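Here is the structure we will look at, set down as structure tokens.
The values are calculated or read from the model by the stated rules, or taken from the named source; none is laboratory data. Given the structure is predicted, the values throughout are model-derived calculations rather than measurements. Please note that ligands, DNA and RNA were not included when accessible areas were found on the heavy atoms of the full protein model with its side chains. Shrake-Rupley method; radii C 1.70, N 1.55, O 1.52, S 1.80 Å.
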Amino acid sequence: MSKPAAPLKGRAARLARLMPSTGPSTAARTPFVLLVVLLLGGGLITLLLLNSALNEGSFRLSELKRDTTELTDEQQALQRDVDSRSQPGALEKRARELGMVPGGNPAFLNPDGTVRGNPTEATAPPPSPSPTPSPSTSAGPEDPAAGPSASGPSGSPSASGSVSATTPDPAAAPSAENSPPPTSPGR
């Protein structure tokens, strides 16, 4: 394949004797190999750290998206609750539970101080048929329907033409109606 090198003659032979023999030198290659290994190892470690940081950010992002979804669901449930309590029928029912009655014909004051309209007293409509407690159960003092104050308004017209309605007993008023029902944190 390759021919053996021919012996050098003349000036080339003298120069070859002055220079050390040119055999395979491992001393010159060692720093280069170490540099390449260090660069490759450093690159791989940097790539591993970058990849783990990106994965951590991805997990954090998915957790924040899940939290956002849960909070959005809770906000929508609360908005539905507010909307259902703001409907006219629900407001009327809540007002009746608080002992309020629909107002009569209003009267208006003109700028000159005269009254326009004929004010009438607000009266409670007859109670709607509701389930009554059976005779076997005794009505205790904590039962608001058993007292005489639940039968209707007992007030008289005040100076402004309105009637003070019967105020319900605060101890007997259910406090659960004042606060919204609890919602579940997630689905």
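In the full protein context, region 61-115 carries 79 Å² of accessible surface per residue, based on a 1.4 Å probe and ignoring ligands, DNA and RNA. Just so you know, the averaged projected area of the alpha carbon convex hull for region 66-116 sits at 6.5 nm². Here region 26-102 yields Rg over Rh of 1.72, to two decimals, using C-alpha coordinates and the Kirkwood radius.
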